[in-house]
Amino acid sequence: MVSLKVNGTTHNLDIDEETPLLWAIRDNIGLTGTKFGCGIAQCGACTVFVDGQAQRSCVTPVSAVAGSEITTIEGLAGKEAEAVQAAWTSRDVPQCGYCQSGQVMSAIALLKENKKPTDRDIDLAMNGNICRCATYVRIRAAIHDAARALEI
Ligand code: FES
Ligand code: FES
């Protein structure tokens, strides 16, 4: 039995402790906003927050995060999350959408650490989030918009 706290709710799951967190979130808890892309920590589609830090859930065994506060795209809250979500909507960032929950999680993580990121800061921070639709230009613009909104 593994106990996971996801978006403020504790789930007691009868699963192997080596199960990747991604599959516990999607298959056992039923939150499907977090996506599977590569399964080897190379694409960022599966990004969640573990105790506030962005982490790749596809390579994180549930045993490593029992007792931690896990946040998925469905549980986002706070001013950075609101600013990023508003900017994503206004810039119409997603194309197919598959990578976008991971992109949003990484963008929020960046803005929590860096209130006024440069293009280079954004490129470095978002480097691990792959978008096959190449929405990178809109992602960068939306992060700048969100940073400006947070200044006000
Ligand atoms: S699915 Fe986890 S990084 Fe690609
Ligand atoms: S919007 Fe299609 S993969 Fe990023």
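Quick look at the numbers
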{"quantity": "Listed residue (T9, A147, G30) projecting farthest to the positive dipole end of the chain, Cβ model", "calculated": "A147"}
{"quantity": "Förster-model FRET efficiency, 35 Å R0, Q42 and N12, C-beta, rounded to 0.05", "calculated": "0.65"}
{"quantity": "Net dipole in debye of the chain [+1 Lys, Arg Cβ; -1 Asp, Glu Cβ; about Cα centre; nearest 20]", "calculated": "540 debye"}
{"quantity": "Test item: Cα-centred dipole of the stretch 55-122, Lys/Arg +1 and Asp/Glu -1 on Cβ, debye", "calculated": "160 debye"}
{"quantity": "Extension gain (nm, one decimal) between A64 and N114, 0.36 nm per residue minus Cα-Cα", "calculated": "15.3 nm"}
{"quantity": "Of all DSSP beta bridges in the stretch 1-95, antiparallel share, percent nearest 5", "calculated": "85 percent"}
{"quantity": "Backbone N under 11 Å from the D92 label point (7 Å along Cα→Cβ), restricted to the stretch 131-150", "calculated": "none"}
{"quantity": "Sequence ranges 42-53, 84-95, ranked by mean other-Cβ count within 10 angstrom, highest first", "calculated": "42-53, 84-95"}
{"quantity": "Peptides 61-71, 110-120, 9-19 ordered by average Cβ neighbours within 10 Å, highest first", "calculated": "61-71, 110-120, 9-19"}
{"quantity": "Calculated FRET value between A134 and K5, using beta carbons and R₀ = 41 Å, to 0.05", "calculated": "0.70"}
{"quantity": "Centre separation in Å (Cα based) which lies between the stretch 93-123 and the stretch 1-77", "calculated": "19 Å"}
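Quick note: the coordinates plus some simple rules give every number you see, no bench work behind them. If you're wondering where the values come from, they're calculated on a predicted model, not measured in any experiment. Here the Cβ is made from the backbone with ideal geometry for all residues, glycine too, and neighbour counts use every protein chain on show.
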